[in-house]
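Worksheet: the structure to be examined is printed underneath.
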Amino acid sequence: MLNDATPEIVNCFREILPEGVVRDVEQRYLEEPRDRLTGRAGAVICPGRVEEVAAVLRLASELRVGVLPYGGGTGLVGGQVAPDGPVPLVLSLERMKAVRGIWPEEGVMTVEAGAILADVQGVAEEHGRLFPLSLASEGSARIGGLLGTNAGGVNVLRYGNARELCLGVEAVLADGRVMRGLKRLRKDNTGYDLRNLLIGSEGTLGVMTAASLRLFPRPESVAVAVLEVESPAAALGLLGRAQTLAGPALSAFELIAGQGPRFLAEHMPQVRLPWAEVPDWCVLVELGCSAGQDAGALMEALFSEAYEAGQVPDGVVAASEGQRAELWAMRESLPEGNRKVGSILSNDISLPLSAVPEFIARAGEAIGKAGDFRINCFGHMGDGNLHYNIFPAAGKRRAEYPAGCGDELKDVVNQLLAELEGSFSAEHGLGRAKVGDLQRWGDPVRIEMMRSIKKSLDPLGILNPGAIFKYE
């Protein structure tokens, strides 16, 4: 049984750490972006070195007090806030943001876990390289949290999730021992892949303090277009055509239902839309080509071929960097538009690519039978990851729907995902919001294996208690 982080316990940490490392709790550490959970904490600890992280976890084990690893606070499933259970300590790595080394010729840089994603991208660019992880919160999301949740984003189609972008990690275990695994190797078959065990574990198996990240050549030319399609099935056909024509130059393929841009027009008119009349479905496509290739010409060829084949009735190809930025700003503003409307249920799901059109059709039909709702479906169709969000009907508010409505709709979505061999968590993780979903819909043998790993690496349960598994 864990203890609350009482003032007496907090003073024990003050005694072993340099002045200023243990801080009072600010409200920002107790909030999450959707304002659905409010956390509690006895103190915030901000170490500046891996040795200080180790000291914190050693003492936390001795005192049996929970520790909640904290990155940029951008997670959407409550992994960074603890609303119940014994009061924990928040362990923020925001001071550990150094670039420990960069090797452009190797395509590797090593950074500390508190480094902000946009800053990492900037350092890579200064050295003529690309760190391709990209998502809407990159101005505040930190590397440790991104690896802890195995974040995705818009470039997974070409470069993979955070997991594929990491070669090695340094991590502190629950008892304070340090795993020094920052090798810059592409091949290392010396036993279990502990790096990948820690990535995606949401701070429940260890606290990652640094990582060696993969870098890539920067594309010499980039082209972006928004192409209208008749349906998700047509979008899937267009994806196949784009992959055949562009090959590895295809960086992003984003499916966007018309409801999302309509929300923007209503609540965020400052976001420029590329049409006078919003289509029911479109895709945002990005191509990035190396030297000797012209991404613009390739995009024009894709548009022309798809138009001739009847896959794309219309489209907008960006003619400048400013127009490319505007098209991406429209896509990246969709989550904020959702928040301004207020969803009844938000889903981060994934499906086999060929099952995406069937899911959208069947889910829409089932939800239509359940009541009067609006659906905003958008996401990374290139890798099968959809953000499938359900909203009140026009003119209605979320509070007008009965309590438990969201849970009933979630059962409809998750049942269909189970039938189509999908996942109820694609890129956001489980956190605390989806603990019950794992127990209900997860494979029992897999869950038992996960529990065994957790017990082995964190026998006292001090690391992010209540995340992934319900606090017991």
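Among the candidates Arg142, Arg129, the residue that is surrounded by 21 or more Cβ atoms within 10 Å (Cβ to Cβ), touching a Leu at 6+ places or on another chain (Cβ under 9 Å) and under 14 Å from Phe216 (Cβ atoms) is uniquely Arg129. Checking every residue in the stretch 355-367 against the condition of being part of a loop (DSSP other than H, G, I, E, B), in contact with a strand residue (DSSP E or B) (Cβ under 9 Å, 6 or more places away or on another chain) and either in contact (Cβ under 8 Å) with a residue 12 or more places away in the chain or within 28 Å of Ser137 (Cβ to Cβ) (or both) gives zero matches. For the stretch 454-464, the count of residues that are closer than 30 Å to Val67 by Cβ, over 18 Å from the mean Cα position of the chain (by Cα) and acidic (Asp, Glu) is at least one. List pairs: first residue in the stretch 48-64 and over 17 Å from Ile9 (Cα atoms) and modelled with pLDDT of 95 or more, second residue surrounded by 19 or more Cβ atoms within 10 Å (Cβ to Cβ) and of a type in the set (Gly, Ala, Ser) anywhere in the structure, Cβ distance under 9 angstrom, at least six positions apart or on different chains. Between residues of the stretch 48-64 that are over 17 Å from Ile9 (Cα atoms) and modelled with pLDDT of 95 or more and residues that are surrounded by 19 or more Cβ atoms within 10 Å (Cβ to Cβ) and of a type in the set (Gly, Ala, Ser), the close pairs are Val50/Ala210.
To keep it simple, each residue is scored yes or no on (1) modelled with pLDDT under 95; (2) in a loop (DSSP other than H, G, I, E, B).
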site	(1), (2)
Glu8	no, no
Cys12	no, no
Glu15	no, no
Val25	no, yes
Arg28	no, no
Glu32	yes, yes
Asp35	yes, yes
Arg40	no, yes
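Out of the stretch 437-472, which residues are assigned to a helix (DSSP H, G or I) and either touching a residue at least 40 places away in the same chain (Cβ under 8 Å) or under 18 Å from Gly75 (Cα atoms) (or both)? Scanning the stretch 437-472 gives Asp437, Leu438, Ile453, Lys454, Leu457.
Is it the case that some residue within the stretch 255-263 is of a type in the set (Phe, Trp, Tyr), in a strand (DSSP E or B) and outside the structural domain of Gly152 (by TED's automatic domain parsing)? Steps first, please.
We begin by selecting, within the stretch 255-263, every residue of a type in the set (Phe, Trp, Tyr); these are 263.
Imposing the further condition that a residue be in a strand (DSSP E or B) reduces the set to none.
For the stretch 255-263, residues of a type in the set (Phe, Trp, Tyr), in a strand (DSSP E or B) and outside the structural domain of Gly152 (by TED's automatic domain parsing): absent.
Only one of the numbered conditions (1) touching a Gly at 6+ places or on another chain (Cβ under 7 Å); (2) more than 21 Å from Gly75 (Cα to Cα) is not met by Ala370, and that is (1). Considering the conditions (1) within 27 Å of the chain's Cα centre (by Cα); (2) farther than 21 Å from Leu463 by Cβ, Ile45 is excluded by exactly one of them, (2).
Each residue in the stretch 368-377 was checked for being over 12 Å from Ala257 (Cβ atoms) and in contact (Cβ under 8 Å) with a residue 60 or more places away in the chain, and 0 of them qualify. Going through the stretch 380-415 one residue at a time, which ones are under 20 Å from the mean Cα position of the chain (by Cα), outside any helix (DSSP H, G or I) and more than 16 Å from Arg339 (Cα to Cα)? Result: His380, Gly384, Asn385, Leu386. All of (1) assigned to a helix (DSSP H, G or I); (2) in contact with a strand residue (DSSP E or B) (Cβ under 6 Å, 6 or more places away or on another chain); (3) not β-branched (Val, Ile, Thr) hold for Ala418 with one exception: (2).
The values are calculated or read from the model by the stated rules, or taken from the named source; none is laboratory data. Not measured: the values here are computed from a predicted model. Backbone-built Cβ (ideal geometry, glycine too); neighbour counts: all protein chains shown.
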